[in-house]
1. I'm trying to understand the selection: among the residues of the stretch 44-81, which are more than 17 Å from Gly24 (Cβ to Cβ), in contact (Cβ under 8 Å) with a residue 40 or more places away in the chain and surrounded by 19 or more Cβ atoms within 10 Å (Cβ to Cβ)?
2. Leu150 is checked against (1) in a helix (DSSP H, G or I); (2) crowded, with 17+ Cβ neighbours inside 10 Å; (3) at pLDDT 95 or above and fails just one. What number does that condition carry?
3. State whether the residues of the stretch 150-169 include one that is acidic (Asp, Glu) and either touching a helix residue (DSSP H, G or I) at 6+ places or on another chain (Cβ under 9 Å) or more than 21 Å from Ser116 (Cβ to Cβ) (or both).
4. If you check every pair at least six apart or on different chains, which have Cβ atoms under 8 Å apart with a residue in the stretch 16-32 that is under 21 Å from Ala125 (Cβ atoms) and within 14 Å of ligand 1 (Cβ to nearest atom) first and a residue that is among the aliphatic types (A, V, I, L, M) and in a loop (DSSP other than H, G, I, E, B) second?
5. Name the one entry in Gly41, Gly89, Gly84 that is in contact (Cβ under 8 Å) with a residue 60 or more places away in the chain and either surrounded by 16 or more Cβ atoms within 10 Å (Cβ to Cβ) or within 16 Å of ligand 2 (Cβ to nearest atom) (or both).
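The values are calculated or read from the model by the stated rules, or taken from the named source; none is laboratory data. All values derive from a computational prediction rather than experimental measurement. Positions of Cβ are backbone-derived with ideal geometry, glycine not excepted, and every protein chain shown enters the neighbour counts.
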Amino acid sequence: MVEVFAVASGKGGTGKTTSTVALGMALADRYDVTVVDADTGMANLLFHAGLSDVETTLHDVLAGDRPIGEATYDRFGMRVVPCGTSLDGFRDADPKRLREAVATLATDTDVLLLDSPPALDSRAAVLPIVMADRIVVVLQPTIPAISDGLKVQEYASSYGTGVAGVLFNKVRPDEDIEGIAEKTERYFDGPTLATVPESEQAREARRAGRPLLAHAPECDAAGAFRRVADGLSVQPVPSETVADRVRSAVIPEPP
Ligand SMILES: Nc1ncnc2c1ncn2[C@@H]1O[C@H](COP(=O)(O)OP(=O)(O)OP(=O)(O)O)[C@@H](O)[C@H]1O
Ligand SMILES: [Mg+2]
């Protein structure tokens, strides 16, 4: 049994990669978790998970050169599939092969988290959303971020992908987050899972190349990410059903 989540936002830089790794670690207390850097054009999950030196990445899999198992690493209590950062690697990556890779991973994990690219402007950018059962929308409490998040929700629902909830990230103390969250919830199909504060520890963790929950597990932001994981209520589906659906997912046109 497995559920596939795409961690998405529309707007860039809201904290999708940070959130993917943090949620993965938090969920790994209860589930067998696999996280995938599905941002194959601007990959950087490897820098958040101490994997910047690995030899084989998702790019090699998407080029048809390696099986997905060789790009899967056990780190921080979860399985992590990093993606390479070279332009050549992106050029040689066939997004269609991502379906088979994700389908294979889905047969052997409880929760699969796909760190998704910002924007909706290419097949590589929209495919994770199409393959997922539900999206987690990572917002900053700003009009542009909320507007872009709504576009992602609209796009996701046009492909039958649901919304697990909304996560507000990088929230500053001077922001009326409760008021903003209350208004925002009216427009999203899922609840506000938690609000994660703007956090020096989150920045430090990135610089140290470690997940926030490993670097500063007691900080407020880490606690907030654990609340997001608690609120996610995973809805597992038989693995073979998910794998078949992912394998046969239409390679979508960007909107
Ligand atoms: N709660 C937080 N407080 C402070 N800084 C944060 C927080 N969350 C993330 N960051 C920082 O913000 C930057 C962007 O975060 P991240 O890479 O996770 O965003 P992203 O949405 O994945 O970006 P992209 O759209 O480029 O993929 C990073 O430097 C990260 O360390
Ligand atoms: Mg990212």
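1. Val61, the sole residue that qualifies.
2. Exception for Leu150: condition (2).
3. no
4. Val21/Ala49; Leu23/Leu232
5. Being in contact (Cβ under 8 Å) with a residue 60 or more places away in the chain and either surrounded by 16 or more Cβ atoms within 10 Å (Cβ to Cβ) or within 16 Å of ligand 2 (Cβ to nearest atom) (or both) holds for just one of Gly41, Gly89, Gly84, which is Gly41.
The rows are residues; the columns are (1) in contact with a Gly (Cβ under 8 Å, 6 or more places away or on another chain); (2) part of a loop (DSSP other than H, G, I, E, B); (3) at negative phi.
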{"residue": "Val137", "(1), (2), (3)": "yes, no, yes"}
{"residue": "Ile146", "(1), (2), (3)": "no, no, yes"}
{"residue": "Ile180", "(1), (2), (3)": "no, no, yes"}
{"residue": "Tyr187", "(1), (2), (3)": "no, yes, yes"}
{"residue": "Leu193", "(1), (2), (3)": "yes, no, yes"}
{"residue": "Arg203", "(1), (2), (3)": "no, no, yes"}
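Results for (1) outside any loop (DSSP other than H, G, I, E, B); (2) within 16 Å of ligand 1 (Cβ to nearest atom); (3) of a type in the set (Phe, Trp, Tyr), shown as yes or no for each residue.
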site: Cys83; (1), (2), (3): no, yes, no
site: Phe90; (1), (2), (3): yes, yes, yes
site: Leu105; (1), (2), (3): yes, no, no
site: Val126; (1), (2), (3): yes, yes, no
